[in-house]
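Visitor: Attaching a single structure in structure tokens format; questions to follow.
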Amino acid sequence: MRKWLLLACTALFLIPAVCKAVNQDSLWMYEHYTKKEVYIPMRDGVKLFTAVYLPKDQSEKHPILMTRTPYSCAPYGEKNFRPYYNTYFNNYMKEGYILVVQDVRGTWMSEGKFVNVRPFNPAKKGKTDIDEASDTYDTIDWLVKNLAGNNGNVGVLGISYPGFYSTMASLSNHPALKAVSPQAPVTDWFVGDDFHHNGAFFLSDAFSFYTVFDHPHPKPTTVGPKGIQYYTRDNYKYYLETGALPNFSKIIGDSVTFWQEMYAHPTYDSWWKARNVRNFVQNVKPAMLVVGGVFDAEDCFGAWNTYKAIEEKSPATNNRLVMGPWYHGQWASNDGTHLGNVRFGSNTAEYYTSNIEIPFFNYYLKGKGQAPAIAEATIFFTGENKWKQLPKWPPADMSPTPIYLQDNGKLDFTKPAGSNNFSEYVSDPAKPVPYTEDVHFNRTINYMTDDQRFASRRPDVAVFESEELTSDVTLAGPVVADLIASISTTDADFIVKVIDVFPNDFKYEEDASTEHRRVPSSTYPMGGYQMLVRGEIMRGKFRNSLETPEAFVPDQPTNVKFTLPDVAHTFQKGHRIMIQVQNSWFPLVDRNPQQFMDIYKATDKDFKKATIRIYHDAQHPSSVILPIVK
């Protein structure tokens, strides 16, 4: 390991000071920690492979901080350490934590059968009634009874899928579990996370994930699945040419159980609801720190709504929310200064780990210091680039305020006048609107802040723009699209985007304090940039019910109303607010055939053009309801 680090530094031409710091931290870890690999028995006899990093210091008792993951606790072998020294986790090591990583049931070196988002079982009675909460309980129980030098306090944290296992851990009710942090937690794979949003299938994420994940695992192994190979230099072209959803199913094959199950459950039925952990977060015992990114392309929904569900169903729980301006997991990186072309004025990731997460676990697991001064909601507001500590989310002074689509592409807070006014265009599945410009191999991490000028120039995107703002407008909470639309067919998707249009002379500059500020400069020209603040899709047939789809009556004005994930953004004076409405978002989302049908069974011949009308007159006032704070 040490030799590899030296070679890596040399090969990458890192500056000597960086190489020295990396090696000093890695050597410190080897000098102060040992690693054990153990099989921990569950109540049904299945054993879970667990890597334990133990401090050599015996002068005090140590807390346990655990992550449970389906992505492997590698590297395997007691002489092979995870590179904690190269992440903010080196702070936990210097605080003397016992760090634990476990392969969840049925993955990698653990025994048993893996089940994707295994449902919580609230009525566990016997040894064979297991779920992720019971596996967490049994693991914690073994750790506190068998690890020498532990202080009896356990915390759990994890990002993304490990975030789901963290939420499940909070339901274990083990008395030693004192603090849990679900971060970008997988929460509801039909309504808002990863693979579906409001019933619309997020094709590129699902396909790329299941070509390498959840393949047959007949016995414990340290070798990852071979996966399914597919090659493309242009993901828009590849997904378009592959065609209807059954064609992707043929590529995946029959071995990936969950892929087949998704196709078999095209509505929000009991199968999906059993996999929505928000339904089970009653009487949560440990202190909770729910963390997420406002621009998290995978699990933005999960963070906002896990927090809200705990607030509603477990009001006595010590529950806190942190949302920064991050992509998926960016808060755990070393750089939280920007996303794509948008800069945040400081290293927001460093602020979070130093001022929130580490003090949170130190207090509840080590009893270190006073109770951390973590607000109910610590939210970073883009646009003005400020952290705000709020006593409530959404803020008490938030007022849902409609901004109305107007004739001639205008946008205003007053209702439209006149009659029979609408914007009309043709949605053609053969030429779907891309989710971002340029050519990419994979879905980008920064599309949620991308410049939308490429879309506003298309004839199949309806664009509405306000006048230049005379004062700041701050949004804090969920956005609601409230459209009146008609289509010439029986189904269509509706994508609504909230966009911040920068002034024509706007530029970024990096000043002497390394903070990015709005000052005249040619360093980062952003004039006219149309920053995506929030975008979301509604599969039209689910507009009234995710459980019971409903066809459109052709050419009949129909209300399409749905909620977009929360935003925290300030449109500054001199900027403009823009709303874009479109009917495809490809290949981020699969194409709607624009016929009322089970899309998972569609053929390449089923796709039809549709004439779309977005109404904006006195009788049919389409609007987007903005969560404006005073």
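All of the numbers you see were taken from the coordinates with simple rules; none came from a lab. Just so you know, these numbers come straight off a predicted model, no measurement behind them. Methodologically, a virtual Cβ is constructed for each residue, glycine included, from the backbone with ideal geometry; neighbour enumeration extends over all protein chains shown.
Visitor: Order these by the 10 Å Cβ neighbour count, fewest first: HIS575, HIS616.
Guide: Ascending number of Cβ neighbours within 10 Å: HIS575, HIS616.
Visitor: Using label points projected 7 Å from each Cα along Cα→Cβ, tell me how many nm separate LYS431 and TYR76, to one decimal.
Guide: 5.3
Visitor: Could you go through the stretch 207-213 in sequence order and give the Karplus-derived ³J(HN,Hα) for each residue, using 6.51 cos²θ - 1.76 cosθ + 1.60 with θ = phi - 60°, rounded to whole Hz, and x for Gly and Pro?
Guide: 5, 5, 6, 7, 6, 10, 10
Visitor: How much mean residue ellipticity at 222 nm does the chain get from its helices, if each DSSP H run of length 4 or more adds -39500 (n - 2.57) and you divide by all residues, to the nearest 500 deg cm²/dmol?
Guide: After summing the helix terms and dividing by residue count, I get -5500 deg cm²/dmol.
Visitor: In degrees, nearest 10, range 0 to 90: what is the angle between the Cα axis of helix 161-170 and the longest Cα principal axis of the chain?
Guide: That works out to roughly 70 degrees.
Visitor: Output wanted: per-residue J couplings in Hz (rounded whole) for the stretch 420-426, from phi through Karplus 6.51 cos²θ - 1.76 cosθ + 1.60, θ = phi - 60°, x for Gly and Pro.
Guide: My calculation for the stretch 420-426 gives 6, 9, 7, 9, 10, 7, 10 Hz in order.
Visitor: For the chain, calculate the relative contact order in percent as a whole number, restricting contacts to Cα pairs under 8 Å that are 6 or more residues apart.
Guide: The value is 14 percent.
Visitor: Okay, next question. Only counting other Cβ atoms within 10 Å, I'd like VAL156, VAL115 sorted with the fewest neighbours first.
Guide: Details: VAL156 30, VAL115 16.
Listed from fewest to most nearby Cβ atoms, that is VAL115, VAL156.
Visitor: May I ask for the angle, rounded to the nearest 10°, between helix 2-11 and the longest principal axis of the chain, with both axes built from Cα atoms and the value confined to 0 to 90°?
Guide: 40
Visitor: Let me know the charge dipole size of the stretch 196-271 about its Cα centre in debye, to the nearest 20, where only the beta-carbon of Lys, Arg (+1) and Asp, Glu (-1) is charged.
Guide: Using Cβ point charges on Lys, Arg, Asp and Glu, the stretch 196-271 gives about 280 debye.
Visitor: Just to verify a number: FRET efficiency for SER59 and ASN283, C-beta to C-beta distance, R0 = 41 Å, to 0.05?
Guide: That pair, SER59 with ASN283, gives E of 0.65.
Visitor: Right, next: When Lys and Arg each count +1 and Asp and Glu each count -1, what net charge do the other residues less than 11 Å away from TYR263, Cβ to Cβ, add up to?
Guide: -1
Visitor: Please give me the summed charge of the neighbours of PHE454: other residues whose Cβ is under 13 Å from its Cβ, Lys and Arg +1, Asp and Glu -1.
Guide: On the way: positive: ARG453, ARG457, ARG458, LYS497; negative: GLU437, ASP438, ASP450, ASP451, ASP460.
For residues surrounding PHE454, the net value is -1.
Visitor: Quick check: net charge around LYS410, other residues with Cβ under 10 Å of its Cβ, Lys/Arg +1 and Asp/Glu -1? Let's see the in-between values first.
Guide: Working: positive: none; negative: ASP407, ASP412, GLU465, GLU467.
Its environment carries a net charge of -4.
Visitor: Between LYS573 and ASN355, what FRET efficiency comes out of the Förster formula 1/(1 + (r/R0)^6) with R0 = 35 Å and r the beta carbon distance, rounded to 0.05?
Guide: Efficiency for this residue pair is about 0.75.
Visitor: Moving to a separate point now. Go through 435-442, 46-53 and give me the packing order, highest mean Cβ count within 10 Å leading. Show your work: numbers first, answer last.
Guide: On the way: 435-442: 15.2, 46-53: 21.6.
Result, highest mean Cβ count within 10 Å first: 46-53, 435-442.
Visitor: Describe numerically, in nm with one decimal, the distance between label points set 7 Å from Cα along Cα→Cβ at SER545 and at ARG458.
Guide: 3.2
Visitor: Using a cut-off of 17 Å between alpha-carbon atoms, which lysines can reach LYS36, once sequence neighbours fewer than 8 places away in the same chain are excluded?
Guide: LYS47, LYS56, LYS79, LYS145
Visitor: Which aspartates and glutamates, if any, have their Cα less than 14 Å from the Cα of LYS573, not counting same-chain residues under 8 positions apart?
Guide: In chain and number order, the partners are GLU384, GLU467, GLU468, ASP472, ASP500, ASP505.
Visitor: Determine the relative contact order of the stretch 196-271: mean sequence separation of Cα pairs under 8 Å and six or more apart, normalised by residue count, in whole percent.
Guide: 36 percent.
Visitor: Going down the list LYS61/LYS386; LYS219/LYS308; LYS497/LYS609; LYS285/LYS368; LYS178/LYS392; LYS127/LYS178, which pairs span over 29 Å between their C-alpha atoms?
Guide: Going by Cα-Cα distance, LYS61/LYS386; LYS219/LYS308 fall outside the 29 Å limit.
Visitor: With a ≥ b ≥ c the root eigenvalues of the C-alpha gyration tensor of the stretch 196-271, is it rounded (a/c under 1.5), prolate (a/b larger than b/c) or oblate?
Guide: oblate
Visitor: Straight-line reach from LYS313: which aspartates and glutamates have Cα under 19 Å away, leaving out those fewer than 8 places along the same chain?
Guide: ASP188, GLU376
Visitor: Taking θ as phi - 60°, what are the ³J(HN,Hα) couplings along the stretch 593-604 by the Karplus curve (6.51, -1.76, 1.60), each to the nearest whole Hz, with x for Gly and Pro?
Guide: x, 6, 10, 6, 6, 7, 5, 5, 10, 5, 10, 5
Visitor: Loop-only trypsin sites (Lys or Arg not before Pro) in the stretch 383-485, please: DSSP not H, G, I, E or B, and at most 13 other Cβ atoms within 10 Å.
Guide: For trypsin sites (Lys or Arg not before Pro) across the stretch 383-485 that sit outside H, G, I, E and B with at most 13 neighbouring Cβ atoms in 10 Å, the list reads LYS392, ARG457.
Visitor: How far apart, in nm, are two points set 7 Å out from the Cα along the Cα-to-Cβ line at THR128 and at LYS601?
Guide: Between THR128 and LYS601, the label points sit 3.4 nm apart.
Visitor: Something else about it: Rounded to the nearest 10 degrees, what's the angle between the helix 132-146 long axis and the longest principal axis of the chain, both from Cα atoms, 0 to 90?
Guide: That works out to roughly 20 degrees.
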